[in-house]
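One structure coming up, written as structure tokens, with questions to follow.
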Amino acid sequence: MPKIRTQIQLEKGQYERLKEESFRRRQSLSAVIRLLIDKGLEASGRPKKVDLKKAMAFVGAICGDQPDVAARHDAYLAKIYAGRREK
């Protein structure tokens, strides 16, 4: 994935902690910063950008015996769930 160069200013303590983490992980300072940014964004509830083509690759992969399942899926699910309650 292409990277974009940016510049940030850190407090001395932040820089020292990042350098220690970088040494401990045997990764570059930049790699550690990218990793921590990703973790922080995931923790904030912001989803990662989704590759829609990859996510939709499964569409049409499964065939069923009900040709109208796309239009009547709610009715089919209701029938399935009703059968589970009877057991």
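Could you tell me which numbered condition residue 65 fails, if it satisfies all but one of (1) more than 25 Å from the chain's Cα centre (by Cα); (2) modelled with pLDDT of 95 or more; (3) not in a helix (DSSP H, G or I)?
If we test residue 65 against (1) more than 25 Å from the chain's Cα centre (by Cα); (2) modelled with pLDDT of 95 or more; (3) not in a helix (DSSP H, G or I), just (2) comes out false.
Could you tell me whether segment 36-59 includes any residue that is surrounded by 10 or more Cβ atoms within 10 Å (Cβ to Cβ), of a type in the set (Asp, Glu) and at pLDDT 85 or above? Before the answer, list the steps.
To start, the set of residues in segment 36-59 that are surrounded by 10 or more Cβ atoms within 10 Å (Cβ to Cβ) comprises 36-42, 56-57.
In the following step, the residues that additionally are of a type in the set (Asp, Glu) were identified as 38, 42.
Imposing the further condition that a residue be at pLDDT 85 or above reduces the set to 38.
Taking every residue of segment 36-59 in turn, at least one turns out to be surrounded by 10 or more Cβ atoms within 10 Å (Cβ to Cβ), of a type in the set (Asp, Glu) and at pLDDT 85 or above.
The values are calculated or read from the model by the stated rules, or taken from the named source; none is laboratory data. The model shown is predicted, which means the values in this text are computed figures rather than measured ones. Here the Cβ is made from the backbone with ideal geometry for all residues, glycine too, and neighbour counts use every protein chain on show.
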